[in-house]
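Remarks on the structure that follows.
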Amino acid sequence: MAKGKNATVFFCQECGYESSKWMGQCPGCRQWNTFVEETISAKTSGKNLTVGEKKRNQPSALTEISLEEEDRISTHMQELDRVLGGGLVKGSLTLVGGDPGIGKSTLLLQVCRELAGDKREVLYVSGEESLKQIKIRANRIGEFNDCLKLLCETSLAEIEETIRRAKPDVVVIDSIQTMYHEEISSAPGSVSQVREATSLFLQIAKGLGISIFIVGHVTKEGTVAGPRVLEHMVDTVLYFEGDRHASYRILRSVKNRFGSTNEIGVFEMESSGLKEVLNPSEFMLSGKPQEASGSIVVCSMEGSRPMLIEIQALVCHSSFGIPRRQTIGTDFNRVNLLIAVLEKRLGLSLGNCDAYVNIAGGIKIQEPAIDLGIAMAVVSSFKNRAIDDRLIAIGEVGLSGEVRGVNMIQARVQEAKKLGFTTCVIPSVCMESVKDMRGIKLIGVRSVGEAIQLL
Ligand code: TYD
Ligand code: MG
């Protein structure tokens, strides 16, 4: 790039891939039509990435680094604390992404309320809503105290000035796509603006030890840069997801420099804000039909937490030459594979049947440990024979119809026991690890065939 001259480049709005010419498909993330032309001034591009105060940095010996207790701040929301890896880390930068309207602003306003309740200074910067709109939302959530300050601003310079003056403990930026830097000519929400804004907040977080939450909208159309563009810059990336029509929301961590990334937090959207769901299994199983064929309960591990979920299958005679197969909430190919195993190994004639498999509650699971449950649900619907309501099935199914072992079997069985299940069908290789478990009947199976005998 010529010195002092502005240059135009094309950025993928999904993943931030940079190119000197426009392309139809992004080589980085394979999305179509995501390239947008942006001007970057030579002055600002990529220069802001130094972290902390400007002093000469000396290398230090690993053995000399003292490991004093990391400063963790509890948000008093158990579900969020767990996803963060045990509380909010001081001086960390956290990205909260999600579809518009899913509840990101609500969640963060509630976090602000809890933190302010602990007498921590909190600054909530909104570039999307007016003070009155935030007040209306806050009224639904509850009482707030004076430690929470609101600021409606989109200019980065102004926000930086305010933060440096007020030195709050926690800052929320809602949303990163509305913020703009005067020296960058491209529009707010473009890749260069979003990156510049994030690198500024990174500097503030690390330099002043302020924990910052950034809200990022996920977009389908690519009109504003997606949160993926900045995932690599922040410490923690949380995605808030859920079915718009269902009331529960799942907070998932996809990157966490301070904890495990498999954890999820479950919330329910109510008229007075988000409520934590401390026992998601109970929540997921509410409304399960009694004595209905094709319905079975399985156990999926979400991070360190087992979650019981109902699987439903419907198998009926097909009126077309090619039978219809459909899945909601789980992998389509995997279900097809299981149906093929049932045909070949058990001799069931499913070839002229339509089959539908649904994970109840609108949740998505990819874990192979639910294979056995899917297979049993399909057979139960095919034979029109209901499965015992107090039975749960755990196990991965292989191509020769064998039932393979799964991890964390103890936690899964324990959860089933806790929720009042009386029988647990598990892989026989896992029997050894749960032989001390009392109060629940354990049946070890070696193959799908053996499991089907139980129906
Ligand atoms: P919001 O936090 O504005 O979403 P985002 O910031 O992710 O765009 O949440 C919007 C939805 O949540 C909106 O449809 C209304 C609903 N809602 C409730 O159901 N109850 C509540 O108490 C609040 C504050 C919002
Ligand atoms: Mg919002």
Conditions first: (1) surrounded by fewer than 17 Cβ atoms within 10 Å (Cβ to Cβ); (2) over 28 Å from E37 (Cα atoms); (3) in contact with a strand residue (DSSP E or B) (Cβ under 9 Å, 6 or more places away or on another chain). H232 passes all but one, so which condition is the exception? (2)
Being in the same structural domain as Q410 (by TED's automatic domain parsing), away from ligand 1 (no atom under 16 Å from the Cβ) and either on the phi > 0 side of the Ramachandran plot or touching a residue at least 40 places away in the same chain (Cβ under 8 Å) (or both), is that true of even one residue in the range 322-330? yes
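Given the structure, is A187 open to solvent by 30 Å² or more (accessible area, probe 1.4 Å), closer than 20 Å to F11 by Cβ and among the hydrophobic types (A, V, I, L, M, F, W, C)?
yes
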Based on this model, can you work out whether Q193 counts as within 16 Å of ligand 1 (Cβ to nearest atom), without any contact (Cβ under 8 Å) to a residue 60 or more places away in the chain and assigned by TED's automatic domain parsing to the domain that holds E231? no
Considering residues that are away from ligand 2 (no atom under 16 Å from the Cβ) and part of a helix (DSSP H, G or I), the number found within the range 82-128 is 7
Listed residues E231, E268, E263; which is of a type in the set (D, E, K, R), more than 16 Å from ligand 2 (Cβ to nearest atom) and under 20 Å from R140 (Cβ atoms)? E268
The condition of being touching a Ser or Thr at 6+ places or on another chain (Cβ under 7 Å) and among the polar types (S, T, N, Q) holds, among S349, S433, S381, only for S381
What pairs come out if I take residues in the range 246-266 that are touching a residue at least 12 places away in the same chain (Cβ under 8 Å) and pair them with residues that are in a strand (DSSP E or B) and basic (K, R) whose C-beta lies under 6 Å away, six or more apart or interchain? I264/R252
Just to check your reading of the model, which residue among G273, G242, G259 is of a type outside the set (S, T, N, Q), at pLDDT below 90 and more than 17 Å from I359 (Cβ to Cβ)? G259
Could you please let me know if E128 is near ligand 1 (Cβ under 10 Å from one of its atoms), touching a residue at least 40 places away in the same chain (Cβ under 8 Å) and assigned by TED's automatic domain parsing to the domain that holds K167? yes
When residues of the range 349-367 are limited to those that are open to solvent by 50 Å² or more (accessible area, probe 1.4 Å) and within 20 Å of the chain's Cα centre (by Cα), the one nearest to N333 (Cα to Cα): Q366
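How many residues are assigned to a loop (DSSP other than H, G, I, E, B) and open to solvent by less than 30 Å² (accessible area, probe 1.4 Å) when one looks only at the range 16-36? Spell out the reasoning first.
First, the residues of the range 16-36 that are assigned to a loop (DSSP other than H, G, I, E, B): 16-17, 20-24, 26-31, 33-34.
After this cut, where a residue has to be open to solvent by less than 30 Å² (accessible area, probe 1.4 Å) as well, the list is 16, 24, 26, 29, 34.
Looking only at that region, the number is 5.
Does A377 fit the bill of being open to solvent by 20 Å² or more (accessible area, probe 1.4 Å), hydrophobic (A, V, I, L, M, F, W, C) and within 13 Å of I452 (Cα to Cα)? Give the steps one after another, and end with the answer.
Numbers: open to solvent by 20 Å² or more (accessible area, probe 1.4 Å): no; hydrophobic (A, V, I, L, M, F, W, C): yes; within 13 Å of I452 (Cα to Cα): yes.
Criteria not met by A377.
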When the range 155-175 is checked residue by residue, the ones that are over 20 Å from L88 (Cα atoms) and open to solvent by less than 40 Å² (accessible area, probe 1.4 Å) are S155, L156, I159, T162
Members of the range 156-183 found to be within 17 Å of L230 (Cα to Cα) and either in contact with an Asp or Glu (Cβ under 7 Å, 6 or more places away or on another chain) or within 16 Å of ligand 1 (Cβ to nearest atom) (or both), listed by number: V172, I173, D174, S175, I176, Q177, T178, M179, H181
Suppose we filter V234, V215 for residues that are under 18 Å from Q13 (Cα atoms) and part of a strand (DSSP E or B); which single one remains? V215
Within the range 267-314, can you find the residues that are touching a Lys or Arg at 6+ places or on another chain (Cβ under 8 Å) and within 16 Å of ligand 1 (Cβ to nearest atom)? F267, E268, M269, S271, S272, G273, L274
Residue count for the range 260-274, restricted to those that are surrounded by 15 or more Cβ atoms within 10 Å (Cβ to Cβ) and part of a strand (DSSP E or B): 8
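The values are calculated or read from the model by the stated rules, or taken from the named source; none is laboratory data. Model, not experiment: these values are computed from the prediction. Quick reminder, even Gly has a Cβ in these numbers, built from the backbone with ideal geometry, and neighbours come from all protein chains shown. Calculation scope for accessible area: heavy atoms of the full protein, side chains included, ligands and nucleic acids excluded. Shrake-Rupley method; radii C 1.70, N 1.55, O 1.52, S 1.80 Å.
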